[in-house]
Structure formats: structure tokens, C-alpha cells
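Below: one structure, written as C-alpha cells.
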Amino acid sequence: MTTPALPLTIEDAAASLRTGATTSTALTRTMLDRIARLDPALGAYVTVTEDEALAAAAGADADFARGCDRSPLQGVPLVVKDLIATRDAPTRANSEVLDPGWGGGADAPAVARLRAAGSVLLGKSTTNEFACGLPERTARFPFPRNPWNPEHTPMGSSSGTAIAVSAGLALGGLGTDTGGSVRGPAGANGCTGLKVSFGRVPKNGVVPCAFTLDTVGPMARSAYDCALILDAIAGHDPGDPYSSPVPPDRYAEGARDGGAEGLRVGVPTRYFLDSPLLDGEVRTAVLRAADELADAGATLTYVVVPHAQEANDANNITFLSEAFAYHRTNLTGRWDEYGRTTRELLARAAFFTGADYVQAQRVRALFRRGLADVFAKVDVLLTPVSFTAAAPIATADLAAALFRPGFHGPWNASGLPSAAVPCGFTEAGLPLSFQVVGRPFAESTVLRVADAYQRRTDWHLRVPPTASADDASADAAHPRAAHQRGAHRGFAGSTPTPEEGAG
């Protein structure tokens, strides 16, 4: 049997499954074979549930054969961050501390909804320990590496899901975001990631990081793919006291509803684009993306986001304080079982006072009020995702990052939806990304802007050299996708430079 070529996107896979060009079993087998070949060097997976995945794929094929079509995700291989409980694999949070039976052998609601939509779950993806510390080379868990350059960080904490999507080891998956843990890895690895509004996706069955900040969100190659996943997982769940009763939208429809025409895009220069810490290649790529949206019909407006730095600080204080509250007993009794960077980061919160935490919540409320005034003038904001492209692993300093400005934390502090969208590469071949931020529960608008940009560019469809060399036949089997990609050649392309392709 000829090994089927690997579709780049969920959208392409869904089309192939429905035309009979491939089956879920063949697609899943191909993906599992790629994981076996490529993942030992990338560290995207902590657990691969091969038997369960193949059984789910066979079930999806049987459903197609009898005319049952549950959703666009039916038969599509996805991955789940190892902070989210699944019934068929232990949940370890990349830690020796957490009981692997955490979650009681049941799926978290977000996972149960993916299964109900007919998706195939390949396993659990690597994460920073408890979504806090840095990966430890000496730990028994896989050490995640950036597929564009293995000496550079994939960022965290949803590193494994981002690596898997970028390298073609899953077509999409779930991450969690408390202070940038979906958007940072998505930006560093060249895929798309959506931090949802706080309360949009239930987070019961998810190992807590910070109770009033944690979100579960989709990661995939495109914004449209993220919308397809969000359609499956969004909505209220009574088991999560923070779950919002606001009804979900039809996100895939919203993403394709009119493009950028008529949308007001706010571009905040102060703090976001005028920072001396911002790398010049990042700034150029983000402004180029803004111009692309203007060419697509959006109106650009330069705005000021008040108290952004204070909001970022408030997010850090909240995150550390709430994480310390969760881990306090174990830190006292099991200090040495935590990774060094995790325990040192969490221990810093012991120096915060109750007054510090209360003041942080007051700043969050102040920031939300200021944002309401900004969003009275614009539909979305456009900012960089990070100050630089992915840094060398050797220079990673998580604690120092808490005392620097940041582009992730303000949107966790305010609970707003925000997406990381690929927009180019550095001269060294590392991905660059911009961030789209929307009003509360306006994920459809955020995804609409991202999709409008991605339908004019192909940065999100580029694949890293390791994955490119593994499969040279993708375009032959997917001519429509090849046409959309232009110069891109599926999994046989070379490392891009900023001059290649659109955007």
C-alpha cells in the first residue's frame, strides 16, 4: 500500500476524508509513523496512544461509510497537552510530583467534546512542568526542541502541541494559556494558536496553574483550523465554576465572514511597538502584516492601550500567587521532586503579600475599564507576540522574564481572546508572529482577521526542514493546497527567508 501524503491543514484533511482520497486509518497510520521517525529528536510527545488512535480512526471510517458525519474534525488526528486529563493516558504535567492517575481516568470536558466530534487523539504532548518551570534535560520526560532550529527554544508551556503541529506530527490540538502558553509556542514554532476568552472553554479536568487566568485553547496550522477545533470545544460546563454561560458562536463560519473588509484594526505603538527590547525584524514583520490587512480592506488606527505594563505585572503576581496556593503543601514536603526552575519560580510567590494580590486584582479591573474605551474605537488590536524570535535554549531565563515587559500577560489579566498568527521569518530562518486581540468573547472576529491575513499569505503553511525532508509527496496528493501555497512545496521545502513567498 502506498503511504498517503500528509495534508497540511485540518481543512484539507477533512476534504480528503470526504472525497475518499484518504481514510482516517491511513492518515492516522501515516502520522504515527512520522511520530516514530521524527519525535525522538523533537520531544513533542510524552505519550503516544497508538492502539486507541487507530481504533478511533477505524470508528471514524465506519461512520463515514454509513453516512454519519459528526463534524469537520471527524477522523482528524489531534494531540492534547499533558496538563489536560484523558481517559486513555496518564496526566503527568511533566512532573514527578503529580499522581499519574490525576483526573480519575476520565476525559476533561474539552477532550470529551473532541471525541464526540469524531477526532482521533494521538496522545499527550509535552509541557513545561505544571506550566511553570523550564524543561529539565535531566528529567525523564522528553526535552522539547524547536523544529526550525533544535538549539532554540520552542517556548512554553504548550510546547509539545506547537512542535507537533509545526513538524506534521498532528494536524492540531489543545494547549493551555495562563500567561502566553499557547501564543508563545505558536509564535516560536510558526503555527497559529488562540487564547480564548476566560471562561469560553471549560477547564475542569485540567491541572490548575492559576485559577482566575487559565484557559484551554486550540492550536493548529491555520486560524480556520483553530476555529474548527473551537467549534467543538467551546461552551458552558457546570463542572467548571468559571465557565461562562455566554453562548458560543459558530466560529468557522465567523472566520470566513467577510474577510478584513470594514474592520477597524488598532495598532498600539506605545509599549508594544516602541519598546527598545523589540527586535527590528519582529517590528518590521508586524507592521508589514498590518499593511497587508489594510490592503485587504481593514482600517488601521493608531491607539494607546493604557496601563499595559501594570496589567502585565498584575498578571504575573496573580499567576504566581495562585500557582503557589495550589502547590504550597507539596512544595513544603516534596521540594526536591520539583524541577529546579519550577520550585524556584513558585517559591518567589511566598514573598507576595495578600495586599499585593488584592492590588493586582484592582489593576486588572482598571485595565479592563481602559480597554473598554479602546475597543469602542476599534474591533481588534494588533501587536507583536514576543519581543524576539525563539531564543537559544542556553539563554532561557524564566525568572528574569517576569521583570521585563510582556505582550502576553495583559490579555490574560483582562480575559480577552488573542491569537498568534505567523507573519514571516528572521534572516536566520526562525518564525515571526503577530497577535490579534479582540473584545470579550469575540473569538470570531479575532479568527476572521487572522484568516483574512492567512488567505493572502502562506507563512503559516511553511514547514521546518526536518519535516520537509521527511515527506516530499504532499503537493502531488493535494494540488489545491499546493496552489494556495505558491512557492511552498508541502513537506519538501527548504528553510524560508523573509524574501520568500507572500507576506
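The values are calculated or read from the model by the stated rules, or taken from the named source; none is laboratory data. What you are looking at is a predicted structure, and each value in this text was computed from that prediction instead of being measured. Using ideal geometry, Cβ is built from the backbone for each residue, glycine included, and neighbour counts are taken over all protein chains shown. Ligands, DNA and RNA are stripped out before the accessible areas are found, and what is left, the full protein with its side chains, is counted by its heavy atoms. Shrake-Rupley method; radii C 1.70, N 1.55, O 1.52, S 1.80 Å.
For the range 150-167, a residue qualifies if it is in contact with a Ser or Thr (Cβ under 9 Å, 6 or more places away or on another chain) and part of a loop (DSSP other than H, G, I, E, B), and the qualifying residues are Pro150, Thr153, Pro154, Met155, Gly156, Ser157, Ser158. The lone criterion from (1) open to solvent by less than 10 Å² (accessible area, probe 1.4 Å); (2) over 13 Å from Gly187 (Cα atoms); (3) modelled with pLDDT of 95 or more; (4) in contact with a Ser or Thr (Cβ under 6 Å, 6 or more places away or on another chain) left unmet by Pro147 is number (2).
Just one residue in the set Cys226, Cys209 is over 27 Å from Gly75 (Cβ atoms) and open to solvent by less than 10 Å² (accessible area, probe 1.4 Å); that residue is Cys209. Of the candidates Ala289, Ala296, the single residue that is within 26 Å of Ile229 (Cα to Cα), open to solvent by less than 40 Å² (accessible area, probe 1.4 Å) and touching a Cys at 6+ places or on another chain (Cβ under 9 Å) is Ala289.
From the list Arg480, Arg455, the lone residue that is open to solvent by 40 Å² or more (accessible area, probe 1.4 Å), within 27 Å of Gly259 (Cβ to Cβ) and modelled with pLDDT of 50 or more is Arg455.
Considered as a group, the residues in the range 390-400 that are in a helix (DSSP H, G or I) and open to solvent by 40 Å² or more (accessible area, probe 1.4 Å) include one that is modelled with the lowest pLDDT, and that residue is Leu398. Take the conditions (1) in contact with a helix residue (DSSP H, G or I) (Cβ under 9 Å, 6 or more places away or on another chain); (2) farther than 18 Å from Ala162 by Cα; Ala467 misses just one of them, which is (2). Evaluation of Ala139 against the conditions (1) assigned to a helix (DSSP H, G or I); (2) surrounded by fewer than 24 Cβ atoms within 10 Å (Cβ to Cβ); (3) aliphatic (A, V, I, L, M) shows that the sole unmet condition is (1). In a residue-by-residue description of the range 189-198, the property of being farther than 23 Å from Asn94 by Cβ and part of a strand (DSSP E or B) applies to at least one position.
Looking only at residues that are farther than 16 Å from Ala311 by Cβ and of a type in the set (Ser, Thr, Tyr) in the range 370-389, which one is surrounded by the fewest Cβ atoms within 10 Å (Cβ to Cβ)? The extreme case among them is Thr388.
The helices (runs of 4 or more DSSP H) found entirely in the range 279-354 that carry 3 or more residues being farther than 18 Å from Pro208 by Cβ and not basic (Lys, Arg) are 280-295, 308-333. The condition of being in a loop (DSSP other than H, G, I, E, B) and closer than 14 Å to Ser444 by Cα holds for only one of Pro238, Pro247, Pro208, Pro202, that being Pro247. Is there a residue in the range 375-385 that is assigned to a loop (DSSP other than H, G, I, E, B) and in contact with a helix residue (DSSP H, G or I) (Cβ under 9 Å, 6 or more places away or on another chain)? Yes - at least one qualifying residue is present in the range 375-385. Listed by first and then second residue, the pairs linking a residue in the range 62-91 that is polar (S, T, N, Q) to a residue that is buried (at least 24 other Cβ atoms within 10 Å of the Cβ) and part of a strand (DSSP E or B), with Cβ atoms under 6 Å apart and 6 or more places separating them unless they lie on different chains, are Thr86/Val80.
A single entry from Gly262, Gly239 fulfils the requirement of being within 30 Å of Thr299 (Cα to Cα) and open to solvent by 10 Å² or more (accessible area, probe 1.4 Å): Gly262.
Could you list all residues from the range 19-73 that are in contact with a helix residue (DSSP H, G or I) (Cβ under 8 Å, 6 or more places away or on another chain), part of a loop (DSSP other than H, G, I, E, B) and open to solvent by 10 Å² or more (accessible area, probe 1.4 Å)? Result: Ala21, Thr22, Thr23, Asp69, Arg70, Ser71, Pro72.
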